[in-house]
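**Q** My questions will all concern the structure given below.
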Amino acid sequence: MGNTKSIGIAYSDQDISGADTLLANSQFGYTAAAQGTVTQATSKSTGVTLNKSAGHITMNNAALAGATAVSFTLTNSLISANDVLILNVGSGGTAVAYTVYTSSIAAGSAVITLRNMTAATSLSEAVVINFALIHCA
């Protein structure tokens, strides 16, 4: 990337490839173009495809029994085996009823697991999972 906008002794559009440290004074994240959304079609275990670095996965509203987990595959061409997938429950579900985590990651996909943390309450909610991919070499 060429240096096109001088901001004193540096340029505002520096190429950070190979940088050891990256600092931000305000926000750090992905642009709107790097984000996307996808919705599960038929069940909470149905895989989804979204080739974006960040986004939202709306899960199917099928029942999930209390103290039970369900997994599905996120297919994403940007994922490598060395990457880190950050997940959190964004909306659509009972507060503090769920936990979400990455069960495994490989080139092109990750297995995501959602667990209903309630003791015995079956929940039928379209939980929205937010994700961000940290790309690692």
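**Q** Would you mind stating whether SER80 is among the hydroxyl-bearing types (Ser, Thr, Tyr), modelled with pLDDT of 95 or more and touching a His at 6+ places or on another chain (Cβ under 8 Å)?
**A** Values: among the hydroxyl-bearing types (Ser, Thr, Tyr): yes; modelled with pLDDT of 95 or more: yes; touching a His at 6+ places or on another chain (Cβ under 8 Å): yes.
So SER80 fits the description; yes.
Okay, residues lined up against (1) of a type in the set (Val, Ile, Thr); (2) touching a strand residue (DSSP E or B) at 6+ places or on another chain (Cβ under 6 Å):
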position: VAL96; (1), (2): yes, no
position: VAL100; (1), (2): yes, yes
position: THR113; (1), (2): yes, yes
position: ASN116; (1), (2): no, yes
position: ALA119; (1), (2): no, no
position: LEU123; (1), (2): no, yes
position: PHE131; (1), (2): no, yes
position: HIS135; (1), (2): no, no
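**Q** A follow-up question, please. Output the residues belonging to the range 61-80 that are touching a Lys or Arg at 6+ places or on another chain (Cβ under 8 Å) and within 17 Å of PHE131 (Cβ to Cβ).
**A** Result: VAL70, PHE72, ASN76, LEU78.
**Q** Next question, about the same structure. Identify the residue in the range 127-137 that is out of contact with any His (no Cβ under 9 Å at 6 or more places or on another chain) and more than 15 Å from ALA69 (Cα to Cα) and, among all such residues, is surrounded by the fewest Cβ atoms within 10 Å (Cβ to Cβ). Let's see the steps before the verdict.
**A** The first filter runs over the range 127-137 and keeps only residues out of contact with any His (no Cβ under 9 Å at 6 or more places or on another chain), leaving 127, 132-137.
From what is left, the residues that are more than 15 Å from ALA69 (Cα to Cα) are 132-137.
Working: ALA132: 17, LEU133: 22, ILE134: 10, HIS135: 11, CYS136: 9, ALA137: 7.
Per the stated criteria, the residue is ALA137.
**Q** Still on this structure, please answer the following. Among the numbered conditions (1) modelled with pLDDT of 95 or more; (2) surrounded by 13 or more Cβ atoms within 10 Å (Cβ to Cβ), tell me where SER122 comes up short.
**A** The one condition SER122 does not meet is (2).
**Q** Among the numbered conditions (1) touching a Ser or Thr at 6+ places or on another chain (Cβ under 9 Å); (2) over 14 Å from SER124 (Cβ atoms); (3) of a type in the set (Ser, Thr, Tyr), tell me where THR94 comes up short.
**A** That leaves (2) as the condition not met.
**Q** Listed residues LEU23, LEU50; which is modelled with pLDDT of 95 or more, on the phi < 0 side of the Ramachandran plot, under 24 Å from the mean Cα position of the chain (by Cα) and not small (Gly, Ala, Ser)? Give the steps one after another, and end with the answer.
**A** Details: LEU23 fails: modelled with pLDDT of 95 or more.
Among LEU23, LEU50, only LEU50 is modelled with pLDDT of 95 or more, on the phi < 0 side of the Ramachandran plot, under 24 Å from the mean Cα position of the chain (by Cα) and not small (Gly, Ala, Ser).
**Q** Determine if the range 88-106 includes at least one residue that is part of a strand (DSSP E or B), in contact (Cβ under 8 Å) with a residue 24 or more places away in the chain and farther than 28 Å from THR31 by Cα. Let's see the steps before the verdict.
**A** Our first condition is that a residue be part of a strand (DSSP E or B); within the range 88-106, this holds for 88-91, 98-106.
Right, trim to in contact (Cβ under 8 Å) with a residue 24 or more places away in the chain and you get 88-91, 98, 100, 103, 105-106.
Pick out the ones that are also farther than 28 Å from THR31 by Cα and you get none.
No.
The values are calculated or read from the model by the stated rules, or taken from the named source; none is laboratory data. Everything numeric in this text was worked out from a predicted model, so none of it was measured. For neighbour counting, all protein chains shown are included, and Cβ atoms are generated from backbone atoms with ideal geometry for every residue, glycine included.
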